[in-house]
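Would you mind keeping the following structure in view while I ask a few things?
The values are calculated or read from the model by the stated rules, or taken from the named source; none is laboratory data. What you see is a predicted model; the values in this text were computed from it and never measured. All Cβ positions, even for glycine, are placed from backbone atoms using ideal geometry, and neighbour counts span all protein chains on display. For the accessible areas, the whole protein counts, side chains as well, though only heavy atoms, and no ligand, DNA or RNA atoms are used. Shrake-Rupley method; radii C 1.70, N 1.55, O 1.52, S 1.80 Å.
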Amino acid sequence: MAPTKSTARVLLAFALPIAVFGSCSADTAVPTDPGGPPPVASHKWSDPASWPSHAVPVANEDVTVPAGESMILDISPPALKSLAILGSLTFADSDLALSANYIQVKGGLQIGTEAHPFTHRASITLTGDESNEPVLGLSSKALSVASGATLELHGAPRVVWTRLVATAAKGATQLTVEHAVDWKPGDNIVLASTDFDPAQAEALVVQTASATQVTVTTPLKYAHWGVLQMLGGASLDERAEIGLLSRNITVRGNDECVTNGYCGHIIVYQGAIAHVEGVELYQMGQKSRLARYPFHWHVAGDVTGQYIRNSSIWKTFNRCVTVHGTNMALVSGNVCYNHIGHGYFLEDGIEHGNTIENNLGILARTPTAGEQVLASDLRPATFWITNPANSYNGNVAAGSMGVGFWIALPLHPTGLSTTDAVWPRQTAFTQFTNNKAHSNRSTGMNIDDGPNPDGTTAVTFYNPRVDPANSGSAVAVTSFDHFTAYKNRGRGAWMRGANMRLTHALLADNDIGATFAATETFLQDAVIIGESANNATTLGAYPIRGYEFYDGRVGAERVQFVNYVSSPARPASAYGYNRKNAFAINTQNFTDNATFVNANHVYLENPQADKDGDKAAVFLDADGSVTGSVGAHVTANMPILVDNTCTNRTDWNAFICLGTYGQFTMQSGVSGGENIAPMRIKRDDNVTANMSGSGGSLTSINMTLLSGRKYSLQPALVPTKPRLYWRNATSGDNARISFPWTNASVKVWRDFDSGHPISAAASLAALDASPGNVYYYDAANQTMYVKLVVQATRNYSTIFIDPL
C-alpha cells in the first residue's frame with residue numbers, strides 16, 4: 001500500500017523556524033547551486049503543439065522530450081511505457097504525478113531548485129517489470145541519469161528526525177519530542193527501538209502534531225525509552241529516534257513490485273550531476289540484484305558538490321544509499337528505514353573524500369537465504385564502510401538484524417574498482433566522530449571481517465600507516481571518537497587491528513562493552529555502564545563485562561565503570577577476558593586509572609581444558625586502581641600462574657599477584673611445523689599445566705609464566721629444531737626451561753643472533769648463575785636446559801636450537 005500523504009503540508013514549512021538540534025537532523029542546507037526558473041521558451045506538456053506529432057502523449061506510449069527542448073510538465077499524464085528526456089523536463093508548480101516503466105535522463109529533470117524548493121506534491125512511479133531486463137539492463141525500471149545529464153529534485157524543507165524526551169509506554173498514542181516539528185496529519189514516521197530487538201521499531205502515522213507533541217493513529221506495540229539518565233557523572237542518551245518518512249516529492253516503485261521485490265531504482269552515472277534533497281524514496285531497490293539500489297552513484301568518479309540529503313528511503317528491497325566508485329559525495333541528514341541487506345553502502349573500497357553525516361538508519365533486515373547480493377548481507381549492517389578515507393559524523397545505526405557500523409576493509413578495492421594501488425586496510429580514517437549504534441542483534445561497531453574479491457568475508461587486521469602503500473611507513477594512529485553504543489546483543493565495539501584508539505566512548509547496556517582483538521589499541525577517557533534503568537529486557541545469561549582483554553598489547557585508560565553487579569543468573573564485571581579463548585595473549589595488557597561506581601571490578605571464568613588462552617589470562621593493574629596494588633597482575637584461576645605473592649579474590653574468581661610474567665612460546669623451526677602439542681608444563685614446585693595447542697593448532701604452545709622460575713616441558717613430540725620465545729617482558733625477566741633431548745651435538749643461539757652461537761655450560765649451576773648466554777645439556781638424563789633472559793633495551797628473549 002502506498003504511504004499516506006497530506007496534500008496541504010508544505011506551505012507551512014517556510015513559516016516554521018528550521019534548526020539542527022544536537023545530533024538530530026533538520027533541512028537547513030545552504031544552496032550551492034540555486035538554479036533558476038525554466039527558460040522562457042519552454043513548452044507545456046499539455047499543449048499538442050509542443051510535440052512533433054502534434055498530439056499529447058497517451059497511455060503506454062514511448063515518449064521522448066527532444067534534445068534542445070525545454071518541457072514543462074503541467075499535467076499528470078497517463079501511465080507511460082517509457083520516458084526519454086533528451087532535452088529538459090521541469091515540473092510546474094502544482095500537484096503532479098508521472099508514471100513510466102522507466103525514465104532515462106540524458107538532458108535534465110528538475111523538480112524545484114535549491115533556492116526555491118518545490119512546495120506542491122510530485123510523485124514519480126516506476127512501473128516496469130523483469131521483461132525489460134534483456135534489453136535495458138541497468139536501466140530497467142530505473143530513473144537513470146546519463147553522463148552530461150542533471151537530476152535536480154528539491155523537496156520542501158522539513159524537520160527530518162529528532163528524539164523522544166519522555167518514555168512512550170506500550171499502548172500510548174501521544175509522543176513528546178525534543179524539538180518542535182512541522183509534521184502534518186497523515187505523515188508517515190518511524191520510531192526506533194530502544195531495546196535489544198531491532199524489530200521493535202514502529203512505522204506510525206501522524207494524527208496531529210503541535211510543537212513538541214505528536215499524536216499517532218495507532219497505539220504503540222512496544223515501549224520506547226525517552227529520558228536522559230545521569231550515571232556516574234555521565235549523561236546517557238538512550239532516547240528513541242523518531243524520523244519523518246513522508247516528503248512532498250516521492251520516487252517510488254509501484255505497489256505490484258512488493259510481490260517479487262523488483263522495484264524501482266535511481267542510478268547516476270559518471271559525468272552526470274545529481275542534487276537530491278527533501279525526497280522520499282519508497283518501495284525502491286531490486287532484490288538480490290547488483291547495482292539496483294534505491295539511490296546509487298555508479299562508478300561516477302569525482303562528484304564534488306553532489307548530494308542526497310534530508311531525504312527518506314524506506315521499505316526498500318536492496319540497500320538505501322550506495323556510493324560506488326564515487327568520491328566527494330555528500331550523504332547527509334537522511335532517514336533509512338526497513339531495508340534488505342546493508343544500508344548506507346560504500347561498494348568497492350576505492351571510494352574516498354565522501355561525507356556521510358547525521359544520517360539515521362533503522363531496521364536493516366536479513367535477506368532470505370539465496371537472495372543476498374553479498375554473503376555479508378546475511379549479517380546486514382546499517383553502515384557498510386570499505387574505505388576509511390571518508391568522514392562519518394553524527395550518524396545513528398538504530399537497529400539492525402546484524403551490525404550497526406561494519407568497517408569492512410578489503411586488502412585492495414574489489415569489483416569494478418579493482419586495483420593494487422589502494423590499500424584500505426592501511427589507510428587512516430579521515431574522521432569517525434559522534435556516531436551511535438544501538439539495538440543491533442550483533443555488534444554496534446565491527447572493525448573486522450573485510451570483503452574478499454569474491455564477496456565473502458575474512459578476518460581483517462586494520463593497521464593504518466602514514467603511507468598506506470608502504471606497510472613500513474610510520475604508524476597513523478586512528479581514533480574513533482565519542483562513539484556511543486547501547487543495547488547491542490553482542491558487543492558495543494569489536495576492533496581488530498593495530499594502533500587504534502576508542503576515545504570518549506559511552507557504552508551501556510550491551511552484553512559486552514568492548515573487545516579489542518588488537519595490538520597497541522586502547523580505550524581512553526570512556527564510560528562503560530553495565531545496566532541502566534532502561535532494562536525491560538535482561539542482558540545475556542553468560543557473564544557480562546565492560547571491557548574484555550584479548551590478544552594485545554591492549555588496554556583501558558581513564559575509564560569509569562558503572563553498575564556491573566553480579567546476579568544469581570550470571571556474573572558481571574568491569575573487566576574480563578574474551579571467553580573461550582584458545583589464542584595467545586599479551587602479558588602486558590593493562591588497565592590504568594580506572595574508577596568504579598557500583599561495579600564488581602573483575603570476573604574471570606575458570607579456564608576451559610582445550611582453551612590455552614583462558615589458561616594464560618593475566619592483565620597488569622598499572623596504577624593499582626583495580627587491585628589496590630600498583631603494578632599487580634590479575635590472573636585467571638590457574639595454579640601455574642599463582643605463587644605465594646598472590647591473594648585469592650573469590651568474588652572475582654581470580655587472583656591478585658605481585659610477581660612479573662612473560663609470554664612463553666615453544667614451536668618447531670622445521671618448515672610447516674611439527675605437532676608438539678599437547679604438552680605438560682611443570683613448575684619447580686611441581687605445579688603443572690596441561691596445554692592443548694595455541695589457537696587449536698598442535699604446532700605451537702603459548703603460555704603465560706611467572707618470571708624467575710624453572711619449568712620442565714613434556715611435549716607430545718620434541719621438536720626437531722626447538723624454537724623458544726620469552727616475550728612481553730622487561731629487562732632481566734627470565735625463565736629456565738628444560739625438555740627431553742637426545743643429541744649432544746647442537747648449535748644454540750639467542751635473540752636471533754645465529755652468527756654468534758652460545759656455548760655449553762659446565763654444569764646446571766653455571767647455567768643458573770649465567771645471564772642466559774650459555775646452555776646446559778645433561779647427557780645422562782637426556783635433558784636440555786636453557787635460560788631465557790631479557791637483555792637490556794629489549795622486551796624479549798629467544799633460544800633457537802639446531803641439531804648438527
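Which percent, nearest 5, of DSSP beta bridges in the stretch 654-804 are antiparallel?
90 percent
A further question follows. Rounded to the nearest angstrom and ordered from largest down, what semi-axes does the equivalent ellipsoid of the stretch 177-263 get from its C-alpha gyration tensor (root of 5λ)?
Working from the Cα gyration tensor, I get semi-axes of 29, 18, 12 Å.
Lysines near LYS611 by alpha-carbon distance under 17 Å, same-chain residues fewer than 8 away left out - which ones?
LYS580
Further question on the same structure: With only alpha-carbon atoms in the gyration tensor, what are the semi-axes of the equivalent ellipsoid for the stretch 280-422, in Å, largest first?
20, 17, 14
If the stretch 451-608 were replaced by its equivalent ellipsoid, with semi-axes equal to the square roots of 5 times the Cα gyration tensor eigenvalues, what would those be, largest first, whole Å?
Semi-axes from the Cα gyration tensor: 28, 17, 16 Å.
If I compute solvent accessible area with a 1.4 Å probe over the protein chains, what percent of it on the stretch 428-500 is carbon and sulfur?
The value for the stretch 428-500 is 47 percent carbon and sulfur by accessible area.
Next question, about the same structure. On full extension of the chain, what length is gained from TYR542 through ALA375, given 0.36 nm per residue of separation minus the C-alpha to C-alpha distance?
57.2 nm
How many times 2.2 N^0.38 Å is the alpha carbon radius of gyration of the stretch 373-453?
Compactness ratio reported: 1.09.
For ALA765 and ASN598, what is the calculated FRET efficiency with R₀ set at 41 Å and r taken between the beta-carbons, to the nearest 0.05?
My answer for the efficiency is 0.15.
May I ask you to derive the FRET efficiency for ALA49 and THR215 from their Cβ-Cβ distance with R0 = 45 Å, giving the value to the nearest 0.05?
Result of the calculation: an efficiency of 0.35.
Across 5 Å bins from the origin, how do the percents of Cα pairs in the stretch 695-804 run, short distances first?
The distribution over the stretch 695-804 is 2, 12, 24, 26, 21, 11, 4, 0, given as percents.
Additional query: Against the 2.2 N^0.38 Å scaling, with N counting residues, where does the stretch 671-710 land? I'd like the Cα-based Rg ratio to two decimal places.
Normalised Rg, Cα atoms only: 1.29.
Percent of Cα-Cα pairs per 5 Å bin, from 0 to the last occupied bin, for the stretch 238-331, please list those.
Here the calculated profile for the stretch 238-331 is 3, 15, 24, 22, 19, 12, 5, 1, 0.
Next up: With +1 on the Cβ of every Lys and Arg and -1 on the Cβ of every Asp and Glu, and nothing else charged, how large is the dipole of the stretch 291-351 about its Cα centre, in debye rounded to the nearest 20?
Roughly 320 debye, rounded to the nearest 20.
Mind listing the Cα extents of the stretch 579-644 along all three principal axes, in Å, largest one first?
Largest to smallest, the principal-axis extents are 34, 26, 21 Å.
Per Stokes-Einstein, at 10 °C and 1.306 mPa s, what whole-number D in µm² s⁻¹ belongs to the stretch 109-159, with the Kirkwood radius over Cα pairs as the hydrodynamic radius?
121 µm²/s
What value does the stretch 34-145 have for Rg/Rh, both radii from Cα atoms and Rh as Kirkwood defines it?
My calculation of the ratio gives 0.96.
With both partners inside the stretch 541-685, how many of the DSSP beta bridges are antiparallel, as a percent to the nearest 5?
Taking every DSSP beta bridge with both residues in the stretch 541-685, the antiparallel ones total about 40 percent.
Next up: Please give the per residue volume of the convex hull enclosing the alpha carbon atoms of the stretch 416-495, rounded to a whole number of Å³.
115 Å³
Calculate for the chain the 222 nm mean residue ellipticity that helices alone would give, adding -39,500 (n - 2.57) per DSSP H run of length 4 or more and normalising by residue count, nearest 500 deg cm²/dmol.
Mean residue ellipticity, 222 nm, calculated: -500 deg cm²/dmol.
So in the chain, what percent of DSSP beta bridges are antiparallel if you round to the nearest 5?
Antiparallel: roughly 35 percent of the beta bridges in the chain.
In the neighborhood of GLY128, defined by Cβ-to-Cβ distances under 11 Å, what is the net charge if each Lys or Arg adds +1 and each Asp or Glu adds -1?
-2
Only sites in a loop by DSSP and with at most 14 other Cβ atoms within 10 Å count here; which trypsin sites (Lys or Arg not before Pro) in the stretch 130-198 make the cut?
The qualifying sites are LYS170.
How long is the stretch 574-709 along each principal axis, judged by its Cα atoms, biggest number first, in Å?
Extents along the principal axes: 51, 28, 22 Å.
Treating the stretch 681-741 as a set of equal point scatterers at the Cα positions, no solvent, please give the Debye-formula log₁₀ I(q)/I(0) at q = 0.13, 0.16 Å⁻¹.
Results for the stretch 681-741 at q = 0.13, 0.16 Å⁻¹ read -0.36, -0.55.
Here's something else I'd like to know. In the stretch 233-307, which trypsin sites (Lys or Arg not before Pro) fall in coil by DSSP and have 13 or fewer other Cβ atoms within 10 Å?
Sites meeting the loop and neighbour criteria: none at all.
Select from the stretch 707-801 those chymotrypsin sites (Phe, Trp or Tyr not before Pro) which occupy a DSSP coil region and have at most 14 other Cβ atoms within 10 Å, ordered by residue number.
Loop-located and lightly packed - PHE752.
Distance cut-off 31 Å, Cα to Cα: go down the list LYS221/LYS287; LYS615/LYS787; LYS106/LYS436 and report the pairs above it.
LYS106/LYS436, as the Cα separations exceed 31 Å there.
Turning to a different aspect of this structure: Estimate the FRET efficiency between ARG709 and SER471 by the formula 1/(1 + (r/R0)^6), using the beta-carbon distance for r and 35 Å for R0, to the nearest 0.05.
Once the sixth-power term is evaluated, E becomes 0.40.
With a sphere of radius 13 Å drawn around the Cβ of GLY631, what net charge do the other residues whose Cβ falls strictly inside it have (Lys, Arg +1; Asp, Glu -1)?
Value of the local net charge: -3.
Among the listed pairs LYS682/LYS721; LYS141/LYS315; LYS44/LYS141, which are separated by more than 28 Å between their Cα atoms?
Distance filter (> 28 Å) returns an empty set.
Shifting gears a bit: Dividing the Cα radius of gyration by the Kirkwood radius, what Rg/Rh value follows for the chain?
Ratio of gyration radius to Kirkwood radius: 1.08.
A follow-up question, please. Net charge near PRO380, counting Lys/Arg +1 and Asp/Glu -1 over other residues with Cβ under 11 Å of its Cβ?
+3
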